[in-house]
Every structure is written in C-alpha cells, then in structure tokens.
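Visitor: Questions regarding the structure given below will be posed in turn.
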C-alpha cells in the first residue's frame, strides 16, 4: 500500500541528497583524488553524509526501486572515506 506522506519524505530526502550533499561529496572526492588531505570540516561533512544515507536507507527499505541509488551512495561514501584515510597516512 502506498503511503503518500512517506513517498513525499523520500522524494525530499533524495532531492536534498542530489542538490546539497552529492555536489559537495563529488568535490571532496575530486580533492582527495588529487592527493589532498581531508580537513576537519570535511570529516564533519562525511558524518552528515553518512547520517543522510542511513536515513534514506531506512526510509527506502521496502522500496526496491531506490536500492541502486542507495548502493551508489554507499559506494561513493566508502570510496571517499578510503581515500581520506589513504591520504592521511602520507
């Protein structure tokens, strides 16, 4: 059974992810790929991104049409964290 309120919350969360969080995540990924280290504000952002991904995942557990999107977000987050750790060792 469709829940219009839940569908609206999912839509808003996805739009927030696409318009606010993903651009910054891609910018951070690009900086880390160039060898820069993550600053404290980047780590704060990663915490925010992680929380948003978890929230969206919780909202969409019974919505298989969103699973690929969530998987891509997790993969992006994981690669950013991995690069940040790698760059911090240098």
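Visitor: Residue 36 versus (1) assigned to a helix (DSSP H, G or I); (2) more than 11 Å from the chain's Cα centre (by Cα); (3) surrounded by 12 or more Cβ atoms within 10 Å (Cβ to Cβ): which is the lone unmet condition?
Guide: So the condition that residue 36 fails would be (1).
Visitor: Looking at (1) assigned to a helix (DSSP H, G or I); (2) at pLDDT 95 or above, which is the one condition that is false for residue 6?
Guide: Exception for residue 6: condition (2).
Visitor: Which of the residues spanning region 71-85 are touching a residue at least 12 places away in the same chain (Cβ under 8 Å) and more than 14 Å from the chain's Cα centre (by Cα)?
Guide: 83, 84
Visitor: Applying the selection to region 55-74, what residues are loosely packed, with under 12 Cβ neighbours inside 10 Å and in a helix (DSSP H, G or I)?
Guide: So in region 55-74, the residues loosely packed, with under 12 Cβ neighbours inside 10 Å come out as 58, 61-62, 64-65, 68, 71-72.
Selection gives 58, 64, 65, 68, 71, 72.
Visitor: Let me ask something additional. Name the pairs: first residue in region 9-27 and more than 14 Å from residue 48 (Cα to Cα), second residue outside any helix (DSSP H, G or I), Cβ to Cβ under 8 Å, at least 6 apart or on different chains?
Guide: Partner pairs satisfying both residue conditions: 10/60; 10/63.
Visitor: Only one of 77, 41, 26 is in a helix (DSSP H, G or I) and surrounded by fewer than 12 Cβ atoms within 10 Å (Cβ to Cβ). Can you tell me which?
Guide: Details: 77 fails: surrounded by fewer than 12 Cβ atoms within 10 Å (Cβ to Cβ); 26 fails: surrounded by fewer than 12 Cβ atoms within 10 Å (Cβ to Cβ).
Of 77, 41, 26, the one residue that is in a helix (DSSP H, G or I) and surrounded by fewer than 12 Cβ atoms within 10 Å (Cβ to Cβ) is 41.
The values are calculated or read from the model by the stated rules, or taken from the named source; none is laboratory data. Quick caveat: nothing in here was measured; it's all calculated off a predicted structure. Glycine also receives a Cβ, built like all others from the backbone with ideal geometry; neighbour counts cover every protein chain displayed.
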